[in-house]
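The values are calculated or read from the model by the stated rules, or taken from the named source; none is laboratory data. The structure displayed is predicted, hence computed values, not measured ones. Glycine gets a Cβ as well: all are built from the backbone with ideal geometry, and neighbour counts include every protein chain shown. Accessible surface areas use protein heavy atoms only, side chains included; no ligands, DNA or RNA. Shrake-Rupley method; radii C 1.70, N 1.55, O 1.52, S 1.80 Å.
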Amino acid sequence: MPSSSQSDATLRKSASPQPLLVIDGDSFAYRAYHALPKTIRRSGDRGGGAVLGFANYLLRFHETEAPRAVLVGWDTLDAPTYRHRALAEYQAGREVDAELREQLDALPEFVATCGFANAKAPGYEADDFLAAAVRREERREGTVLVATGDRDAFQLASDLTTILQPVKAGEVARIGPAEVRARYGVDPAQVPDFIALRGDASDRIPGARGVGPRTAADLLRRYGTLEAVLAAGRFAAQAEELKLYKSIATMNAAAPLPRLANQAPRWAEAAALARRWALNALAKRLEERARLGK
């Protein structure tokens, strides 16, 4: 049986100079759905804006980053996670209309037809697959690019992992540990502690009463972790709640993943699918990429 040092050496040897690209599928599908006109249609008069917009992001990231492989993580909308069971308010009020839901169901087919990998399983969120992929790739000493609009993913930033965060006018910010510290005043590993203390309005995590981002960062600079803050006697009446909030804010790196070997894009097959869906402009882009072999 190989020793752990031999296993580590094998992992390092297998690392590729090209990054693994991991994408939060729901994040970009939602963004596209709300940004593009609903007049964009697929065959059968089905919605097409989320599909087209997501595809544009995917093609852009693949062209600019030249990844060795692509993994897209997805939420399972009809199955609650432990987060929903543990906190009734978690993501309360979020609604996904039928047309967006249908496109979210269709998008994994597009990803797979392109030759890329999907990750989706009941009980897990897209974020969890991002974290699992980062952990696996970093063990190989490979680099990772995590594309998401969710700032919870800042907890994944490291010397090997960079967050690609969409900002205004189609720009993408590159977030590493230094950028996390500049924005929040904490290290990436402290982001779940920071969220637990400050709260997160988008996910309906209340946070510690009376604590905003500056106070949360000050406490973590002084004590290091939420647990140390609580051990010092702070927020005694909310201690169990805050531990729960941190658990909810922590991405689950144990989420199940497919194999992530190097991939060769299948642009011609993806173009044919886009044609069947009557997304002809997208099909032309994909046919051009197939012709150029990029």
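Of the residues 233, 207, the single one that is assigned to a loop (DSSP other than H, G, I, E, B) and modelled with pLDDT under 95 is 207. Mind listing just one residue for me: the one in the stretch 9-23 that is open to solvent by less than 70 Å² (accessible area, probe 1.4 Å) and out of contact with any strand residue (DSSP E or B) (no Cβ under 6 Å at 6 or more places or on another chain) and, of those, modelled with the highest pLDDT? Restricting to residues being open to solvent by less than 70 Å² (accessible area, probe 1.4 Å) and out of contact with any strand residue (DSSP E or B) (no Cβ under 6 Å at 6 or more places or on another chain), the top hit is 16. Criterion applied to 275, 222, 259 was being more than 30 Å from residue 159 (Cβ to Cβ) and open to solvent by 70 Å² or more (accessible area, probe 1.4 Å), and the one residue passing it is 275. Picking from residues in the stretch 153-202 that are among the charged types (D, E, K, R) and within 22 Å of residue 222 (Cα to Cα), the one that is surrounded by the most Cβ atoms within 10 Å (Cβ to Cβ) is 193. Taking the stretch 141-151 as the range and being farther than 20 Å from residue 64 by Cα and at pLDDT 95 or above as the test, only 141 passes. Restricting attention to the stretch 27-54, the residues that are in contact (Cβ under 8 Å) with a residue 60 or more places away in the chain, farther than 12 Å from residue 106 by Cα and open to solvent by less than 10 Å² (accessible area, probe 1.4 Å) add up to 1. Residue check: residue 264 meets all listed conditions (1) in contact with a Leu (Cβ under 9 Å, 6 or more places away or on another chain); (2) surrounded by fewer than 14 Cβ atoms within 10 Å (Cβ to Cβ); (3) among the aliphatic types (A, V, I, L, M); (4) over 30 Å from residue 203 (Cα atoms) but one, namely (1). For the stretch 191-218, a residue qualifies if it is of a type outside the set (A, V, I, L, M) and under 15 Å from residue 89 (Cα atoms), and the qualifying residues are 199, 200, 202, 203, 204, 206, 207.
The set of residues from the stretch 236-256 being of a type outside the set (Asp, Glu), loosely packed, with under 15 Cβ neighbours inside 10 Å and assigned to a helix (DSSP H, G or I) comprises 236, 237, 243.
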